[in-house]
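Reviewing the structure listed below.
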Amino acid sequence: MAHVSQAKKRRFQLILIKPSHYDDDGYVIRWWRPMIPSNSLAALYGLAADCAERKVLGPDVAIDITAIDETNTHVDFQALLRLLGGHNNFGMVALVGVQSNQYPRALDIARPFREAGIPVAMGGFHVSGCIAMLEGTAVDLDSCRKMGIAMFAGEAEGRLDTVLRDAASGRLEPIYNFMDDLPGIGGTPVPFLPKENVGRTLGLSTSFDAGRGCPYQCSFCTIINVQGRRSRFRSADDVEKLVRMNWAQGVHKFFITDDNFARNKEWEAIFDRLIELREKDRIPLGLMIQVDTLCHKIPNFIEKAKRAGVTRVFIGLENVNPDNLTSAKKNQNKITEYRKMLLAWKAQGIITLAGYILGFPADTPETIRRDIAIIQHELPIDIVEFFILTPLPGSEDHQKLWKDGIEMRDDLNVYDVEHVCTAHPKMSREAWEGIYREAWQLYYSPEHMQTLLRRAASTGVPIGSLVKLLVSFATTVPLENVHPLQSGLLRLKQPSERRPGLERVHPLIFWPQFVWETLRKHVALAGTIMRLTAAAYRISRDPASKAYMDQALMPVGADDEETRDLFTKTAGGTAAVAHIKKVAALTHSNSAG
(Lines give C-alpha, C1' and ligand atoms only; values in the text may rest on other atoms or scores of the structure.)
Protein backbone atom coordinates (compact mmCIF):
# COMPACT_ATOMS: atom_id res chain seq x y z
CA MET A 1 0.00 0.00 0.00
CA ALA A 2 2.87 2.38 0.76
CA HIS A 3 4.17 1.89 -2.79
CA VAL A 4 0.76 2.77 -4.24
CA SER A 5 0.54 5.89 -2.07
CA GLN A 6 3.99 7.03 -3.22
CA ALA A 7 3.03 6.46 -6.86
CA LYS A 8 0.00 8.71 -6.49
CA LYS A 9 1.99 11.51 -4.88
CA ARG A 10 2.00 14.71 -6.95
CA ARG A 11 5.40 16.30 -7.52
CA PHE A 12 5.61 20.09 -7.73
CA GLN A 13 8.53 21.16 -9.95
CA LEU A 14 10.28 24.23 -8.53
CA ILE A 15 12.88 25.54 -10.98
CA LEU A 16 15.21 28.17 -9.53
CA ILE A 17 17.16 30.13 -12.15
CA LYS A 18 19.78 32.79 -11.47
CA PRO A 19 20.05 34.68 -14.80
CA SER A 20 23.26 35.94 -16.35
CA HIS A 21 23.27 38.92 -18.72
CA TYR A 22 24.35 39.74 -22.27
CA ASP A 23 27.80 40.87 -23.37
CA ASP A 24 28.37 43.70 -25.85
CA ASP A 25 27.88 41.28 -28.76
CA GLY A 26 24.57 40.10 -27.35
CA TYR A 27 25.65 36.67 -26.09
CA VAL A 28 24.85 35.33 -22.64
CA ILE A 29 27.89 35.58 -20.36
CA ARG A 30 28.51 31.98 -19.33
CA TRP A 31 31.65 30.12 -18.28
CA TRP A 32 33.05 26.74 -17.55
CA ARG A 33 33.91 27.46 -13.91
CA PRO A 34 32.97 31.10 -13.21
CA MET A 35 34.69 32.99 -10.39
CA ILE A 36 31.79 34.03 -8.13
CA PRO A 37 29.11 31.70 -6.72
CA SER A 38 25.54 33.00 -6.34
CA ASN A 39 24.42 33.55 -2.76
CA SER A 40 20.87 34.38 -3.91
CA LEU A 41 20.56 30.92 -5.45
CA ALA A 42 22.02 29.27 -2.34
CA ALA A 43 19.67 31.22 -0.06
CA LEU A 44 16.57 30.34 -2.11
CA TYR A 45 17.62 26.70 -2.43
CA GLY A 46 18.02 26.47 1.35
CA LEU A 47 14.57 27.97 1.91
CA ALA A 48 12.98 25.78 -0.78
CA ALA A 49 14.56 22.61 0.65
CA ASP A 50 13.07 23.52 4.02
CA CYS A 51 9.65 24.01 2.40
CA ALA A 52 9.97 20.59 0.76
CA GLU A 53 10.94 18.96 4.04
CA ARG A 54 7.98 20.56 5.83
CA LYS A 55 5.62 19.54 3.00
CA VAL A 56 4.13 23.02 2.76
CA LEU A 57 1.97 21.98 -0.21
CA GLY A 58 0.36 19.17 1.75
CA PRO A 59 1.32 15.64 2.83
CA ASP A 60 0.62 14.20 -0.63
CA VAL A 61 2.68 16.75 -2.60
CA ALA A 62 6.45 16.50 -2.94
CA ILE A 63 8.58 19.43 -4.09
CA ASP A 64 11.40 18.71 -6.55
CA ILE A 65 13.97 21.51 -6.77
CA THR A 66 16.09 22.25 -9.82
CA ALA A 67 18.74 24.96 -9.33
CA ILE A 68 20.42 26.63 -12.32
CA ASP A 69 23.04 29.36 -12.26
CA GLU A 70 23.18 30.61 -15.85
CA THR A 71 26.71 31.91 -15.42
CA ASN A 72 27.84 28.26 -15.43
CA THR A 73 24.92 26.27 -16.87
CA HIS A 74 23.07 26.44 -20.19
CA VAL A 75 19.33 26.96 -19.68
CA ASP A 76 17.84 24.13 -21.75
CA PHE A 77 14.31 25.45 -22.26
CA GLN A 78 13.02 22.38 -24.07
CA ALA A 79 14.30 20.00 -21.40
CA LEU A 80 12.77 22.11 -18.62
CA LEU A 81 9.44 22.38 -20.46
CA ARG A 82 9.45 18.59 -20.88
CA LEU A 83 10.15 18.18 -17.18
CA LEU A 84 7.22 20.42 -16.31
CA GLY A 85 5.00 18.84 -18.94
CA GLY A 86 5.69 15.41 -17.47
CA HIS A 87 4.00 16.67 -14.31
CA ASN A 88 1.08 18.38 -16.07
CA ASN A 89 2.84 21.75 -15.67
CA PHE A 90 2.46 21.44 -11.92
CA GLY A 91 5.27 23.72 -10.83
CA MET A 92 6.79 27.15 -11.23
CA VAL A 93 9.91 28.97 -12.40
CA ALA A 94 11.51 31.39 -9.94
CA LEU A 95 14.01 33.91 -11.31
CA VAL A 96 16.15 34.64 -8.26
CA GLY A 97 18.54 37.44 -7.34
CA VAL A 98 17.83 39.38 -10.54
CA GLN A 99 20.01 42.49 -10.73
CA SER A 100 19.22 45.39 -13.05
CA ASN A 101 21.72 44.27 -15.71
CA GLN A 102 20.17 40.77 -15.59
CA TYR A 103 16.58 41.97 -15.89
CA PRO A 104 16.42 41.92 -19.74
CA ARG A 105 17.81 38.38 -19.79
CA ALA A 106 15.43 37.35 -17.00
CA LEU A 107 12.47 38.49 -19.13
CA ASP A 108 13.82 36.50 -22.08
CA ILE A 109 14.12 33.40 -19.89
CA ALA A 110 10.59 33.87 -18.56
CA ARG A 111 8.99 34.24 -22.00
CA PRO A 112 8.87 30.58 -23.18
CA PHE A 113 7.62 29.43 -19.79
CA ARG A 114 4.85 32.01 -19.69
CA GLU A 115 3.88 31.09 -23.27
CA ALA A 116 3.49 27.51 -22.04
CA GLY A 117 1.30 28.68 -19.15
CA ILE A 118 3.91 28.02 -16.45
CA PRO A 119 3.76 30.30 -13.38
CA VAL A 120 6.85 32.52 -13.16
CA ALA A 121 7.99 34.74 -10.30
CA MET A 122 10.92 37.18 -10.20
CA GLY A 123 12.79 38.59 -7.21
CA GLY A 124 16.09 40.30 -6.55
CA PHE A 125 17.66 43.72 -6.35
CA HIS A 126 16.06 45.18 -9.48
CA VAL A 127 12.45 44.58 -8.51
CA SER A 128 13.05 45.31 -4.82
CA GLY A 129 15.15 48.42 -5.45
CA CYS A 130 12.73 49.93 -7.96
CA ILE A 131 9.74 49.37 -5.68
CA ALA A 132 11.65 50.80 -2.70
CA MET A 133 12.94 53.94 -4.41
CA LEU A 134 10.74 54.68 -7.45
CA GLU A 135 7.15 54.53 -8.59
CA GLY A 136 5.77 51.07 -9.23
CA THR A 137 5.84 51.47 -13.00
CA ALA A 138 9.40 52.74 -13.24
CA VAL A 139 12.33 51.03 -14.96
CA ASP A 140 10.34 48.61 -17.09
CA LEU A 141 8.48 46.79 -14.30
CA ASP A 142 5.43 46.88 -16.58
CA SER A 143 7.10 44.20 -18.70
CA CYS A 144 6.63 41.80 -15.79
CA ARG A 145 2.98 42.74 -15.51
CA LYS A 146 2.33 42.33 -19.22
CA MET A 147 3.89 38.86 -19.23
CA GLY A 148 2.07 37.84 -16.07
CA ILE A 149 5.26 37.44 -14.05
CA ALA A 150 4.74 37.72 -10.30
CA MET A 151 7.14 40.25 -8.78
CA PHE A 152 8.61 39.53 -5.35
CA ALA A 153 10.03 42.55 -3.49
CA GLY A 154 11.88 41.93 -0.26
CA GLU A 155 13.30 38.78 1.30
CA ALA A 156 11.85 35.27 1.15
CA GLU A 157 12.46 34.04 4.70
CA GLY A 158 9.03 33.09 6.08
CA ARG A 159 7.32 34.09 2.81
CA LEU A 160 8.26 31.37 0.31
CA ASP A 161 5.55 29.05 1.65
CA THR A 162 2.87 31.52 0.55
CA VAL A 163 4.29 31.93 -2.94
CA LEU A 164 4.57 28.17 -3.46
CA ARG A 165 1.02 27.57 -2.29
CA ASP A 166 -0.29 30.33 -4.56
CA ALA A 167 1.61 28.89 -7.54
CA ALA A 168 0.39 25.35 -6.82
CA SER A 169 -3.21 26.55 -6.73
CA GLY A 170 -2.80 28.64 -9.91
CA ARG A 171 -3.29 32.03 -8.28
CA LEU A 172 0.05 33.80 -8.06
CA GLU A 173 -0.37 37.44 -7.04
CA PRO A 174 0.98 40.11 -9.44
CA ILE A 175 3.22 41.44 -6.66
CA TYR A 176 4.41 40.34 -3.25
CA ASN A 177 5.74 43.44 -1.52
CA PHE A 178 7.57 42.89 1.76
CA MET A 179 9.90 45.88 1.54
CA ASP A 180 8.48 47.39 4.74
CA ASP A 181 8.81 44.13 6.66
CA LEU A 182 12.38 42.82 6.44
CA PRO A 183 12.63 39.54 8.35
CA GLY A 184 15.14 38.42 10.93
CA ILE A 185 17.45 35.77 9.51
CA GLY A 186 18.71 34.14 12.70
CA GLY A 187 17.50 30.56 13.00
CA THR A 188 16.09 30.50 9.46
CA PRO A 189 17.11 27.87 6.87
CA VAL A 190 20.71 28.57 5.86
CA PRO A 191 22.01 29.10 2.31
CA PHE A 192 23.02 25.83 0.68
CA LEU A 193 23.66 24.33 -2.73
CA PRO A 194 24.30 20.66 -3.60
CA LYS A 195 27.85 19.81 -4.62
CA GLU A 196 26.61 19.27 -8.18
CA ASN A 197 26.01 23.04 -8.35
CA VAL A 198 29.00 24.11 -6.27
CA GLY A 199 31.29 21.99 -8.45
CA ARG A 200 30.59 24.28 -11.39
CA THR A 201 32.35 27.23 -9.73
CA LEU A 202 36.05 28.04 -9.73
CA GLY A 203 37.81 26.38 -6.80
CA LEU A 204 34.75 24.49 -5.54
CA SER A 205 33.56 27.48 -3.53
CA THR A 206 30.13 28.51 -2.32
CA SER A 207 28.73 31.49 -0.41
CA PHE A 208 26.50 32.61 2.44
CA ASP A 209 25.39 35.82 4.08
CA ALA A 210 26.13 36.02 7.79
CA GLY A 211 24.19 39.28 8.00
CA ARG A 212 22.21 41.81 6.00
CA GLY A 213 21.81 45.56 6.15
CA CYS A 214 24.33 48.39 6.36
CA PRO A 215 24.28 51.52 8.55
CA TYR A 216 26.07 53.76 6.03
CA GLN A 217 24.46 56.02 3.43
CA CYS A 218 26.57 55.74 0.25
CA SER A 219 24.49 57.32 -2.50
CA PHE A 220 25.56 54.83 -5.19
CA CYS A 221 24.58 51.80 -3.10
CA THR A 222 21.42 49.72 -3.57
CA ILE A 223 21.97 47.43 -0.59
CA ILE A 224 20.92 50.01 2.01
CA ASN A 225 17.59 50.53 0.23
CA VAL A 226 16.90 46.84 -0.40
CA GLN A 227 18.27 45.19 2.75
CA GLY A 228 17.86 48.21 4.99
CA ARG A 229 20.18 50.11 7.32
CA ARG A 230 19.44 47.96 10.36
CA SER A 231 21.78 45.01 10.77
CA ARG A 232 20.23 41.55 10.87
CA PHE A 233 22.44 38.55 11.33
CA ARG A 234 22.74 34.80 11.59
CA SER A 235 23.99 33.23 14.81
CA ALA A 236 27.23 31.32 15.21
CA ASP A 237 25.06 28.17 15.41
CA ASP A 238 23.57 28.99 11.99
CA VAL A 239 27.03 29.45 10.49
CA GLU A 240 28.32 26.23 12.03
CA LYS A 241 25.33 24.37 10.63
CA LEU A 242 25.93 25.54 7.06
CA VAL A 243 29.67 24.89 7.31
CA ARG A 244 29.06 21.32 8.48
CA MET A 245 26.41 20.76 5.77
CA ASN A 246 28.92 21.80 3.14
CA TRP A 247 31.87 19.96 4.69
CA ALA A 248 29.77 16.77 4.58
CA GLN A 249 29.86 17.08 0.79
CA GLY A 250 33.52 18.10 0.64
CA VAL A 251 33.03 21.88 0.31
CA HIS A 252 35.09 24.12 2.59
CA LYS A 253 35.65 27.41 0.72
CA PHE A 254 33.18 30.24 1.30
CA PHE A 255 32.56 33.79 0.16
CA ILE A 256 30.79 35.59 3.01
CA THR A 257 28.68 38.05 1.05
CA ASP A 258 27.89 40.57 3.81
CA ASP A 259 28.53 43.96 2.28
CA ASN A 260 30.44 44.81 5.47
CA PHE A 261 31.15 41.86 7.75
CA ALA A 262 32.99 44.14 10.19
CA ARG A 263 29.65 45.79 11.08
CA ASN A 264 27.98 42.44 11.79
CA LYS A 265 27.29 42.54 15.54
CA GLU A 266 27.94 38.80 15.72
CA TRP A 267 31.31 38.93 13.94
CA GLU A 268 33.34 37.80 16.94
CA ALA A 269 31.04 34.93 17.91
CA ILE A 270 31.03 33.78 14.28
CA PHE A 271 34.81 34.05 13.98
CA ASP A 272 35.27 32.20 17.27
CA ARG A 273 33.07 29.36 16.06
CA LEU A 274 34.88 29.20 12.71
CA ILE A 275 38.22 29.14 14.56
CA GLU A 276 36.95 26.21 16.60
CA LEU A 277 35.79 24.36 13.47
CA ARG A 278 39.15 25.00 11.83
CA GLU A 279 41.50 24.34 14.74
CA LYS A 280 39.65 21.60 16.65
CA ASP A 281 37.54 19.90 13.99
CA ARG A 282 40.24 20.31 11.33
CA ILE A 283 37.87 21.68 8.68
CA PRO A 284 40.28 23.48 6.29
CA LEU A 285 38.21 26.63 5.91
CA GLY A 286 39.12 29.18 3.27
CA LEU A 287 37.15 32.41 3.46
CA MET A 288 36.75 35.66 1.59
CA ILE A 289 35.03 38.53 3.37
CA GLN A 290 34.06 42.15 2.60
CA VAL A 291 34.82 44.93 5.09
CA ASP A 292 35.04 48.70 5.42
CA THR A 293 38.17 50.82 5.75
CA LEU A 294 37.88 51.18 9.54
CA CYS A 295 37.79 47.48 10.47
CA HIS A 296 41.40 47.58 11.70
CA LYS A 297 40.25 49.71 14.62
CA ILE A 298 38.09 46.87 15.97
CA PRO A 299 40.22 45.02 18.55
CA ASN A 300 41.18 41.50 17.41
CA PHE A 301 39.11 41.65 14.22
CA ILE A 302 41.95 41.13 11.75
CA GLU A 303 43.81 38.63 13.93
CA LYS A 304 40.68 36.49 14.39
CA ALA A 305 39.88 36.76 10.70
CA LYS A 306 43.23 35.11 9.98
CA ARG A 307 42.63 32.29 12.47
CA ALA A 308 39.10 31.74 11.13
CA GLY A 309 40.49 31.03 7.67
CA VAL A 310 40.20 34.36 5.87
CA THR A 311 42.64 34.34 2.95
CA ARG A 312 41.19 37.24 0.95
CA VAL A 313 39.49 40.45 2.00
CA PHE A 314 37.60 42.87 -0.22
CA ILE A 315 37.70 46.47 0.96
CA GLY A 316 35.39 49.22 -0.29
CA LEU A 317 38.16 51.77 -0.77
CA GLU A 318 36.25 53.46 -3.65
CA ASN A 319 38.58 56.47 -4.05
CA VAL A 320 41.65 58.28 -2.67
CA ASN A 321 40.17 61.78 -3.09
CA PRO A 322 38.11 62.81 -0.02
CA ASP A 323 36.10 65.26 -2.16
CA ASN A 324 34.84 62.35 -4.25
CA LEU A 325 34.04 60.29 -1.16
CA THR A 326 32.06 63.18 0.32
CA SER A 327 30.06 63.63 -2.87
CA ALA A 328 29.01 59.96 -2.60
CA LYS A 329 28.16 60.27 1.13
CA LYS A 330 30.95 57.81 1.93
CA ASN A 331 32.38 59.93 4.71
CA GLN A 332 33.25 56.85 6.76
CA ASN A 333 36.25 56.32 4.48
CA LYS A 334 39.20 58.21 5.93
CA ILE A 335 42.19 58.27 3.59
CA THR A 336 44.38 58.98 6.61
CA GLU A 337 43.57 55.45 7.82
CA TYR A 338 44.09 53.64 4.51
CA ARG A 339 47.75 52.73 5.02
CA LYS A 340 47.30 51.62 8.64
CA MET A 341 44.38 49.41 7.63
CA LEU A 342 46.11 47.83 4.63
CA LEU A 343 49.35 47.21 6.54
CA ALA A 344 47.35 45.48 9.29
CA TRP A 345 45.97 43.01 6.74
CA LYS A 346 49.43 42.64 5.19
CA ALA A 347 50.85 41.75 8.63
CA GLN A 348 48.57 38.69 8.62
CA GLY A 349 49.55 37.61 5.10
CA ILE A 350 46.01 38.11 3.77
CA ILE A 351 45.43 39.12 0.14
CA THR A 352 43.72 42.51 -0.14
CA LEU A 353 41.29 43.38 -2.92
CA ALA A 354 39.93 46.92 -3.18
CA GLY A 355 37.01 48.34 -5.11
CA TYR A 356 37.77 51.63 -6.86
CA ILE A 357 35.09 53.73 -8.57
CA LEU A 358 35.83 55.90 -11.61
CA GLY A 359 33.56 58.78 -12.55
CA PHE A 360 32.96 60.84 -9.44
CA PRO A 361 32.22 64.51 -10.24
CA ALA A 362 35.82 65.67 -9.68
CA ASP A 363 37.34 62.91 -11.82
CA THR A 364 39.07 63.50 -15.15
CA PRO A 365 41.31 61.11 -17.11
CA GLU A 366 44.30 63.05 -15.79
CA THR A 367 43.28 62.88 -12.12
CA ILE A 368 42.45 59.18 -12.44
CA ARG A 369 45.90 58.45 -13.90
CA ARG A 370 47.48 60.45 -11.06
CA ASP A 371 45.45 58.61 -8.41
CA ILE A 372 46.29 55.16 -9.81
CA ALA A 373 49.98 56.07 -9.63
CA ILE A 374 49.51 57.14 -5.99
CA ILE A 375 47.83 53.83 -5.18
CA GLN A 376 50.62 51.86 -6.86
CA HIS A 377 53.41 53.64 -5.04
CA GLU A 378 51.92 54.39 -1.63
CA LEU A 379 49.20 51.87 -0.75
CA PRO A 380 49.98 48.18 -0.11
CA ILE A 381 46.95 46.84 -2.01
CA ASP A 382 47.26 43.62 -3.98
CA ILE A 383 44.26 43.67 -6.32
CA VAL A 384 42.30 46.74 -7.43
CA GLU A 385 38.90 46.24 -9.05
CA PHE A 386 37.79 49.23 -11.12
CA PHE A 387 34.12 50.14 -11.54
CA ILE A 388 32.31 52.89 -13.39
CA LEU A 389 30.10 55.02 -11.15
CA THR A 390 26.67 53.80 -12.18
CA PRO A 391 23.23 55.09 -11.12
CA LEU A 392 21.87 51.63 -10.30
CA PRO A 393 18.08 51.40 -9.98
CA GLY A 394 17.46 51.18 -6.25
CA SER A 395 20.20 53.66 -5.37
CA GLU A 396 19.81 57.27 -4.25
CA ASP A 397 21.87 58.36 -7.26
CA HIS A 398 19.39 56.79 -9.68
CA GLN A 399 16.39 58.11 -7.78
CA LYS A 400 17.72 61.67 -7.91
CA LEU A 401 18.50 61.53 -11.65
CA TRP A 402 15.12 59.93 -12.35
CA LYS A 403 13.20 62.55 -10.37
CA ASP A 404 15.16 65.38 -12.00
CA GLY A 405 14.53 63.98 -15.48
CA ILE A 406 18.26 63.57 -16.20
CA GLU A 407 18.94 61.33 -19.18
CA MET A 408 20.07 57.79 -18.43
CA ARG A 409 20.54 54.89 -20.80
CA ASP A 410 17.40 52.87 -21.51
CA ASP A 411 19.02 49.44 -21.86
CA LEU A 412 19.20 47.93 -18.38
CA ASN A 413 21.63 45.30 -19.64
CA VAL A 414 24.47 47.87 -19.43
CA TYR A 415 23.86 48.76 -15.76
CA ASP A 416 26.71 46.44 -14.80
CA VAL A 417 29.18 49.02 -13.40
CA GLU A 418 31.43 48.68 -16.44
CA HIS A 419 29.41 50.79 -18.91
CA VAL A 420 28.71 54.52 -18.80
CA CYS A 421 24.98 55.05 -18.17
CA THR A 422 24.65 58.81 -17.73
CA ALA A 423 26.52 62.06 -18.40
CA HIS A 424 29.57 63.27 -16.48
CA PRO A 425 30.31 66.98 -15.81
CA LYS A 426 33.95 66.75 -16.97
CA MET A 427 34.22 63.71 -19.24
CA SER A 428 32.52 62.61 -22.44
CA ARG A 429 31.17 59.09 -22.57
CA GLU A 430 34.08 58.08 -24.80
CA ALA A 431 36.66 59.60 -22.45
CA TRP A 432 35.04 57.97 -19.42
CA GLU A 433 34.89 54.51 -20.99
CA GLY A 434 38.41 55.00 -22.34
CA ILE A 435 39.95 55.78 -18.96
CA TYR A 436 38.08 52.83 -17.44
CA ARG A 437 39.78 50.45 -19.86
CA GLU A 438 43.10 52.26 -19.50
CA ALA A 439 42.92 51.99 -15.70
CA TRP A 440 43.26 48.21 -15.88
CA GLN A 441 46.33 48.51 -18.11
CA LEU A 442 47.89 51.15 -15.88
CA TYR A 443 47.48 49.28 -12.61
CA TYR A 444 48.28 45.82 -14.00
CA SER A 445 51.41 46.87 -15.85
CA PRO A 446 54.15 44.20 -15.97
CA GLU A 447 56.32 46.37 -13.73
CA HIS A 448 53.67 46.85 -11.06
CA MET A 449 52.68 43.18 -11.04
CA GLN A 450 56.31 42.31 -10.29
CA THR A 451 56.22 44.84 -7.45
CA LEU A 452 53.07 43.18 -6.10
CA LEU A 453 54.81 39.79 -6.17
CA ARG A 454 57.82 41.22 -4.31
CA ARG A 455 55.52 42.69 -1.66
CA ALA A 456 53.80 39.32 -1.33
CA ALA A 457 57.08 37.49 -0.83
CA SER A 458 58.19 39.93 1.87
CA THR A 459 54.89 39.94 3.81
CA GLY A 460 53.93 36.27 3.72
CA VAL A 461 51.07 36.64 1.24
CA PRO A 462 50.70 33.33 -0.68
CA ILE A 463 52.49 34.17 -3.92
CA GLY A 464 50.86 31.38 -5.93
CA SER A 465 47.37 32.54 -5.01
CA LEU A 466 48.29 36.10 -5.92
CA VAL A 467 49.55 34.96 -9.34
CA LYS A 468 46.16 33.38 -10.08
CA LEU A 469 44.36 36.60 -9.21
CA LEU A 470 46.77 38.77 -11.17
CA VAL A 471 46.28 36.61 -14.26
CA SER A 472 42.51 37.05 -14.06
CA PHE A 473 42.45 40.76 -13.26
CA ALA A 474 45.16 41.69 -15.75
CA THR A 475 43.67 39.84 -18.73
CA THR A 476 39.87 39.68 -18.47
CA VAL A 477 39.03 43.20 -19.63
CA PRO A 478 41.37 43.30 -22.65
CA LEU A 479 40.70 39.69 -23.72
CA GLU A 480 37.05 39.12 -22.79
CA ASN A 481 35.67 42.67 -22.54
CA VAL A 482 33.87 41.88 -19.29
CA HIS A 483 34.67 42.71 -15.68
CA PRO A 484 36.92 40.14 -13.92
CA LEU A 485 34.16 39.45 -11.38
CA GLN A 486 32.12 38.13 -14.30
CA SER A 487 34.94 35.92 -15.50
CA GLY A 488 35.86 32.25 -15.30
CA LEU A 489 38.19 29.66 -16.79
CA LEU A 490 36.66 29.17 -20.24
CA ARG A 491 34.07 31.37 -21.93
CA LEU A 492 31.13 29.39 -23.34
CA LYS A 493 28.75 30.58 -26.06
CA GLN A 494 25.93 29.22 -28.16
CA PRO A 495 24.33 30.83 -31.22
CA SER A 496 20.89 30.21 -29.73
CA GLU A 497 21.74 32.35 -26.68
CA ARG A 498 22.08 35.59 -28.61
CA ARG A 499 19.83 38.40 -27.47
CA PRO A 500 16.44 38.59 -29.24
CA GLY A 501 16.42 41.25 -31.92
CA LEU A 502 20.03 40.62 -32.91
CA GLU A 503 20.82 38.59 -35.99
CA ARG A 504 21.65 34.94 -35.41
CA VAL A 505 25.04 33.98 -36.82
CA HIS A 506 24.96 30.83 -38.95
CA PRO A 507 26.57 27.88 -37.09
CA LEU A 508 29.08 27.34 -39.91
CA ILE A 509 30.33 30.87 -39.31
CA PHE A 510 29.80 31.04 -35.55
CA TRP A 511 31.68 27.92 -34.43
CA PRO A 512 34.92 28.39 -36.43
CA GLN A 513 34.99 32.03 -35.30
CA PHE A 514 34.37 31.02 -31.67
CA VAL A 515 37.11 28.38 -31.76
CA TRP A 516 39.60 30.83 -33.31
CA GLU A 517 38.77 33.54 -30.73
CA THR A 518 39.16 31.03 -27.90
CA LEU A 519 42.56 29.86 -29.16
CA ARG A 520 43.76 33.43 -29.67
CA LYS A 521 42.70 34.46 -26.17
CA HIS A 522 44.31 31.43 -24.56
CA VAL A 523 47.61 31.95 -26.33
CA ALA A 524 47.69 35.48 -24.88
CA LEU A 525 46.56 34.13 -21.51
CA ALA A 526 49.28 31.47 -21.54
CA GLY A 527 51.90 34.14 -22.18
CA THR A 528 50.75 36.13 -19.13
CA ILE A 529 50.66 33.00 -16.97
CA MET A 530 54.19 32.01 -18.01
CA ARG A 531 55.61 35.49 -17.37
CA LEU A 532 54.00 35.86 -13.96
CA THR A 533 54.82 32.31 -12.89
CA ALA A 534 58.46 32.76 -13.90
CA ALA A 535 58.64 36.09 -12.04
CA ALA A 536 57.03 34.55 -8.94
CA TYR A 537 59.50 31.66 -9.03
CA ARG A 538 62.50 33.99 -9.30
CA ILE A 539 61.26 36.23 -6.51
CA SER A 540 60.34 33.39 -4.15
CA ARG A 541 63.78 31.78 -4.66
CA ASP A 542 65.66 35.02 -4.02
CA PRO A 543 66.87 35.19 -0.37
CA ALA A 544 66.72 38.99 -0.55
CA SER A 545 62.96 38.91 -1.19
CA LYS A 546 62.11 38.68 2.50
CA ALA A 547 63.82 42.01 3.09
CA TYR A 548 62.07 43.84 0.23
CA MET A 549 60.75 47.27 1.20
CA ASP A 550 59.13 50.15 -0.68
CA GLN A 551 57.07 53.23 0.10
CA ALA A 552 53.84 51.29 0.37
CA LEU A 553 55.21 48.77 2.89
CA MET A 554 56.95 51.30 5.12
CA PRO A 555 55.37 51.68 8.56
CA VAL A 556 53.12 54.68 8.95
CA GLY A 557 55.35 57.56 10.01
CA ALA A 558 54.83 60.98 11.51
CA ASP A 559 55.97 62.62 8.27
CA ASP A 560 53.48 60.75 6.06
CA GLU A 561 51.08 63.66 6.02
CA GLU A 562 53.70 66.07 4.65
CA THR A 563 55.56 63.77 2.25
CA ARG A 564 53.04 61.43 0.64
CA ASP A 565 51.14 62.31 -2.52
CA LEU A 566 48.08 60.63 -1.03
CA PHE A 567 47.72 63.64 1.27
CA THR A 568 49.29 66.45 -0.73
CA LYS A 569 48.09 66.08 -4.33
CA THR A 570 44.39 66.81 -3.78
CA ALA A 571 42.62 69.63 -1.98
CA GLY A 572 40.53 67.06 -0.14
CA GLY A 573 43.63 65.21 1.05
CA THR A 574 45.18 68.42 2.38
CA ALA A 575 41.92 69.30 4.12
CA ALA A 576 41.66 65.83 5.66
CA VAL A 577 45.15 66.15 7.15
CA ALA A 578 44.40 69.65 8.43
CA HIS A 579 41.23 68.35 10.09
CA ILE A 580 43.10 65.55 11.85
CA LYS A 581 45.73 67.98 13.11
CA LYS A 582 43.03 70.32 14.39
CA VAL A 583 41.29 67.52 16.26
CA ALA A 584 44.61 66.31 17.69
CA ALA A 585 45.48 69.83 18.85
CA LEU A 586 42.11 70.30 20.51
CA THR A 587 42.34 66.89 22.17
CA HIS A 588 45.86 67.65 23.44
CA SER A 589 44.74 71.06 24.69
CA ASN A 590 41.78 69.61 26.57
CA SER A 591 43.96 66.88 28.05
CA ALA A 592 46.54 69.41 29.19
CA GLY A 593 43.85 71.54 30.74
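The values are calculated or read from the model by the stated rules, or taken from the named source; none is laboratory data. Just so it is clear, the structure is predicted and the values come from calculations on it, not from any experiment. Quick reminder, even Gly has a Cβ in these numbers, built from the backbone with ideal geometry, and neighbours come from all protein chains shown. Quick note on the areas: whole protein, heavy atoms, side chains included, nothing else; ligands and nucleic acids left out. Shrake-Rupley method; radii C 1.70, N 1.55, O 1.52, S 1.80 Å.
Here are a few things to note about the model shown:
- Condition met for Val251 (aliphatic (A, V, I, L, M) and in a loop (DSSP other than H, G, I, E, B)): yes
- Residue that is farthest from Ala106 (Cα to Cα) [pool: residues in the stretch 491-525 that are surrounded by fewer than 11 Cβ atoms within 10 Å (Cβ to Cβ) and aliphatic (A, V, I, L, M)]: Val523
- Tabulated pairs, the stretch 253-276, first within 18 Å of Arg230 (Cα to Cα), second open to solvent by less than 50 Å² (accessible area, probe 1.4 Å) and of a type in the set (Lys, Arg), C-beta under 8 angstrom, 6+ apart or interchain: Asp258/Arg212; Glu266/Arg234
- Applying the criterion of at least 1 residues that are within 18 Å of the chain's Cα centre (by Cα) to the strands (runs of 3 or more DSSP E) found wholly in the stretch 115-228 leaves 120-123, 205-208.
- Hey, Ala552 of a type in the set (A, V, I, L, M, F, W, C) and either in contact with a Phe, Trp or Tyr (Cβ under 7 Å, 6 or more places away or on another chain) or assigned to a helix (DSSP H, G or I) (or both) or not: no
- Residues considered: Val163, Val120, Val75, Val127. Of these, the only one that is under 17 Å from Tyr22 (Cβ atoms) and in contact (Cβ under 8 Å) with a residue 24 or more places away in the chain is Val75.
- Residues of the stretch 416-442 that turn out to be crowded, with 18+ Cβ neighbours inside 10 Å, touching a strand residue (DSSP E or B) at 6+ places or on another chain (Cβ under 9 Å) and not charged (D, E, K, R), as a count: 9
- Test: Ala269 is under 28 Å from Val384 (Cβ atoms), assigned to a helix (DSSP H, G or I) and open to solvent by less than 70 Å² (accessible area, probe 1.4 Å): no
- Of the criteria (1) under 30 Å from Ile374 (Cα atoms); (2) part of a helix (DSSP H, G or I); (3) not hydroxyl-bearing (Ser, Thr, Tyr), which one Arg307 fails: (1)
- Test: residue in the stretch 444-465 that is open to solvent by less than 20 Å² (accessible area, probe 1.4 Å), among the charged types (D, E, K, R) and in contact with a strand residue (DSSP E or B) (Cβ under 8 Å, 6 or more places away or on another chain): no
- Any hit, the stretch 156-166, residues being at pLDDT 95 or above, in contact with a Lys or Arg (Cβ under 7 Å, 6 or more places away or on another chain) and of a type outside the set (Phe, Trp, Tyr): no
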